[in-house]
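Peer 1: Pasting in a structure now, in structure tokens, and then I'll have a few things to ask.
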Number of protein chains: 2
Amino acid sequence: MSNPVLVEVLRGALIESRHRGSVAVSDAGGRLALALGDVERPMFPRSAIKAIQALQLVESGAAARYGFGDEELALACASHGGEPEHVSTAERMLQAAGLNASALKCGMHWPMHQPSSQALARSGGSATALHNNCSGKHAGFLCVACAMGAELGSYIEATHPVQREIKTALENLTGAPIADEDRAIDGCSVPTWAVPLTALARGFARFGTGEGLGSERAKAAARLRAACAAKPWHVAGTGRFCTEVMQNLGARVFVKTGAEGVFCAALPEQGLGFAVKADDGGTRAAETIIAAALARFLPDEHRAPLQRYLQRPIKNWNGIEVGRIRAAEALGSFSARGCR
Amino acid sequence: MSNPVLVEVLRGALIESRHRGSVAVSDAGGRLALALGDVERPMFPRSAIKAIQALQLVESGAAARYGFGDEELALACASHGGEPEHVSTAERMLQAAGLNASALKCGMHWPMHQPSSQALARSGGSATALHNNCSGKHAGFLCVACAMGAELGSYIEATHPVQREIKTALENLTGAPIADEDRAIDGCSVPTWAVPLTALARGFARFGTGEGLGSERAKAAARLRAACAAKPWHVAGTGRFCTEVMQNLGARVFVKTGAEGVFCAALPEQGLGFAVKADDGGTRAAETIIAAALARFLPDEHRAPLQRYLQRPIKNWNGIEVGRIRAAEALGSFSARGCR
């Protein structure tokens, strides 16, 4: 049984490439508003759950203790482009806890944001762990470890209190018990836990509404959502999907990408959570799928900022429009199931 | 009807992503040695047919007139990384015809080879059309246009003699008539023509053996294959799949990648041509599929250089092995059809 084609890539009049995938939309009680493809197979949410991984930063009191505002909290939820202000914000977070970049265990890579990467090279600089797209998340982990008096050197290990607490929070939000064998290692070396899309969607409905969460956790989720809505550039960066969608829709939407074609999102006013996986791991596909799914549940007057992702031009090196990426028919003919 | 899963991407013990695709292997007479998935649907071969696009450079006498050796001919067949010697070779080709980079209409982009891109930025330089991965092909087109006395400014147009001749050569090699509506525009602005995988595979069997071709064309194909076997670094670059496979296997194999998950290849000694398309356009998938298909038809003693592509480790930013990309079962259980 194969997942449906959800995204088509055209060149001229021909479909050149096809992306299959799955998507689940759920309310906080676990009632599915939408399910397309295999939504019960456990999959790694990767960076799409950075906001869940950041809950402790607020709940533990570390964010308050170190005086973090919207920028630092948004960066803790971010897969950022390594632009200069992303880097300086991560550095500031570490400094607040008396640390520096040498404490980061995410590994280093050049800025994903090309102009920043070129500027760094042009200035004679080199990539550091601060440029890693996960440096804000890791700075947050270190701040939590500091605040709880835990060992710092092993903060990325599955047995460390910071990572154990994240697993518990993920189980709490999704309602899905997670088996030890469903663990793998993420790109930045922390554990990633496999969860079905249905459970992830439910988890983001809870993250978006606070329904079904303890009051401290609900408050922490609301604080992180407010930070990302206030500083969406810190969640991704210039020209990036998550940033642009949250810039245009504000607190009405929370949306976060993850590697290998994953997206999680929430529409707090609609009480819905979203989880998407492109079978092949393609980002262009996952962006199109989540945009179509969000557009379906937003009222007409707020749908416009998502329309451009449902049919995007492909331009070549000379700027000539040679094709487009579009949501396939299956995404337009969702049949609502259950609820709301 | 969906194409089979040909490549699986594991993280830990779980399959994280899946790639579907199709592959055809044919002899010069059009007898299929292998067919998996939909091999009759027209698809754009993109840069995988650069060697066919370069036939004229030899056949027209332009290569001889301008004194081109293996490096220039290999670069005309290349999607190169924009490393310094790629750039200087393209420049030399243009100079031989009395031209310079301003004649190139491929558009500009930064070198695909990251260290070269960083070195260029560090030196205060900027991307030019010479860094475009297609600059060798375009330099070749311009040399042909010069040699035939054709207009230079419109060499990328479908109506230009250079592009018309390429369409005729593609029809001649593949045996497939190409309709005008099966044309689209490639990333570098030249026409790309849609052809079924079966026809492309047959075309590369002919390219690899000369069977079924006129003697001038057969000689030109042999000259281009010899150039690529002698200078495989010029066909792609440092660390790249096409370069490494041809470095290891020499003239026993010709292999060339194209955008959106395409590969074409030939095994001259076996008399076979290959054409691959990953449904979703993923390069990691297409590399795995073509490696598996080539390995299947090579004798045991020459298979080793391809084995590493059938099961590749995925390492994260800290160099930890977190998963692997592997050929799926369907690629190992090919059932040979017909011929040889």
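The values are calculated or read from the model by the stated rules, or taken from the named source; none is laboratory data. Note that this is a predicted model, so its numbers are computed, not measured. No Cβ is skipped: glycine too gets one built from the backbone with ideal geometry, and neighbour counts run over all protein chains shown. Only protein heavy atoms, including side chains, enter the accessible area calculation; ligands, DNA and RNA are left aside. Shrake-Rupley method; radii C 1.70, N 1.55, O 1.52, S 1.80 Å.
Peer 1: Is it true that some residue in the stretch A:73-83 is surrounded by fewer than 24 Cβ atoms within 10 Å (Cβ to Cβ) and not in a loop (DSSP other than H, G, I, E, B)?
Peer 2: no
Peer 1: Residue under question is residue B:312, and the condition is that it be open to solvent by 10 Å² or more (accessible area, probe 1.4 Å) and part of a helix (DSSP H, G or I); does it hold?
Peer 2: For residue B:312, the condition - open to solvent by 10 Å² or more (accessible area, probe 1.4 Å) and part of a helix (DSSP H, G or I) - is not met.
Peer 1: Would you say residue A:275 is in a helix (DSSP H, G or I) and touching a residue at least 40 places away in the same chain (Cβ under 8 Å)?
Peer 2: No, not satisfied.
Peer 1: Right, here's the next one. Let me spell it out: the conditions are (1) touching a residue at least 60 places away in the same chain (Cβ under 8 Å); (2) within 14 Å of chain A (Cβ to nearest Cβ), and residue B:181 meets all of them except one. Which number is the exception?
Peer 2: For residue B:181, the exception is condition (1).
Peer 1: Next question, about the same structure. Please identify the pairs in which a residue from the stretch A:37-51 that is open to solvent by less than 30 Å² (accessible area, probe 1.4 Å) has its Cβ atom under 7 Å from the Cβ atom of a residue that is part of a helix (DSSP H, G or I) and among the aliphatic types (A, V, I, L, M), counting only partners at least 6 apart or on another chain.
Peer 2: Qualifying pairs under 7 Å: A:39/A:197; A:43/A:197; A:45/A:200; A:49/A:170; A:51/A:224.
Peer 1: Working carefully through the options A:199, A:129, A:176, find the one that is within 18 Å of residue A:50 (Cα to Cα), within 20 Å of the chain's Cα centre (by Cα) and within 12 Å of chain B (Cβ to nearest Cβ).
Peer 2: After ruling out the rest, the residue left standing is A:129.
Peer 1: Looking at residue A:189, is it among the hydroxyl-bearing types (Ser, Thr, Tyr), within 11 Å of chain B (Cβ to nearest Cβ) and in contact (Cβ under 8 Å) with a residue 40 or more places away in the chain? Full working, then the answer.
Peer 2: Working: among the hydroxyl-bearing types (Ser, Thr, Tyr): yes; within 11 Å of chain B (Cβ to nearest Cβ): yes; in contact (Cβ under 8 Å) with a residue 40 or more places away in the chain: yes.
Judged against the criteria, residue A:189 is a match.
Peer 1: Let me confirm something: among B:239, B:273, which residue is modelled with pLDDT of 95 or more and crowded, with 22+ Cβ neighbours inside 10 Å?
Peer 2: Among B:239, B:273, only B:273 is modelled with pLDDT of 95 or more and crowded, with 22+ Cβ neighbours inside 10 Å.
Peer 1: Related question: In the stretch B:86-119, what count of residues is obtained for those that are more than 8 Å from chain A (Cβ to nearest Cβ), outside any loop (DSSP other than H, G, I, E, B) and not β-branched (Val, Ile, Thr)?
Peer 2: Number of matching residues: 14.
Peer 1: OK, next. Kindly establish whether residue B:304 is closer than 19 Å to residue B:326 by Cβ and open to solvent by 20 Å² or more (accessible area, probe 1.4 Å). First the steps, then the outcome.
Peer 2: Values: closer than 19 Å to residue B:326 by Cβ: yes; open to solvent by 20 Å² or more (accessible area, probe 1.4 Å): yes.
Answer is yes for this residue.
Peer 1: Scan the stretch A:163-178 and give yes if some residue there is touching a helix residue (DSSP H, G or I) at 6+ places or on another chain (Cβ under 8 Å), open to solvent by 10 Å² or more (accessible area, probe 1.4 Å), assigned to a loop (DSSP other than H, G, I, E, B) and within 22 Å of residue B:321 (Cβ to Cβ), otherwise no.
Peer 2: no
Peer 1: Select from the stretch B:110-147 the residues that are within 22 Å of residue B:192 (Cα to Cα) and surrounded by fewer than 20 Cβ atoms within 10 Å (Cβ to Cβ) and list them in ascending order.
Peer 2: Passing the criteria: only B:112.
Residue by residue, here is whether (1) aromatic (Phe, Trp, Tyr); (2) open to solvent by 50 Å² or more (accessible area, probe 1.4 Å); (3) farther than 26 Å from residue A:92 by Cα holds:
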residue	(1), (2), (3)
A:149	no, yes, no
A:160	no, no, no
A:186	no, no, no
A:189	no, no, no
A:194	no, no, yes
A:207	yes, no, yes
A:212	no, yes, yes
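Peer 1: Write out, first by first residue and then by second, each pair whose Cβ atoms fall under 6 Å of each other, whose residues are 6+ apart or on separate chains, and whose first residue, in the stretch B:312-327, is acidic (Asp, Glu) while the second is at pLDDT 95 or above.
Peer 2: B:321/B:313; B:321/B:315
Peer 1: Would you mind telling me which numbered condition in (1) farther than 30 Å from residue B:218 by Cα; (2) more than 14 Å from chain A (Cβ to nearest Cβ); (3) at pLDDT 95 or above residue B:333 fails?
Peer 2: (3)
Peer 1: Here is a list of conditions, (1) part of a helix (DSSP H, G or I); (2) of a type in the set (Asp, Glu); (3) over 22 Å from the mean Cα position of the chain (by Cα), and residue A:151 meets all of them except one; can you say which number that is?
Peer 2: Among (1) part of a helix (DSSP H, G or I); (2) of a type in the set (Asp, Glu); (3) over 22 Å from the mean Cα position of the chain (by Cα), the lone unmet condition for residue A:151 is (1).
Peer 1: I need every pair where a residue in the stretch B:58-71 that is farther than 17 Å from residue B:94 by Cβ has its Cβ under 7 Å from the Cβ of a residue that is open to solvent by less than 50 Å² (accessible area, probe 1.4 Å), sequence separation at least 6 or different chains.
Peer 2: Going by the 7 Å Cβ cut-off, the qualifying pairs are B:58/B:220; B:58/B:224; B:59/B:217; B:59/B:220; B:61/B:147; B:70/B:227.
Peer 1: Is it true that residue A:285 is open to solvent by 20 Å² or more (accessible area, probe 1.4 Å), within 14 Å of chain B (Cβ to nearest Cβ), part of a helix (DSSP H, G or I) and of a type in the set (Gly, Ala, Ser)?
Peer 2: So residue A:285 fails the test.
Peer 1: Another question, if that's okay. Can you tell me how many residues in the stretch A:2-25 are closer than 30 Å to residue A:320 by Cβ and either without any contact (Cβ under 8 Å) to a residue 12 or more places away in the chain or at the interface with chain B (Cβ under 7 Å from one of its Cβ atoms) (or both)? Show your work before the answer.
Peer 2: Kept after step one, since they are closer than 30 Å to residue A:320 by Cβ, are these residues of the stretch A:2-25: A:5-21.
Right, trim to either without any contact (Cβ under 8 Å) to a residue 12 or more places away in the chain or at the interface with chain B (Cβ under 7 Å from one of its Cβ atoms) (or both) and you get A:9, A:11-19.
Of the residues in that region, 10 qualify.
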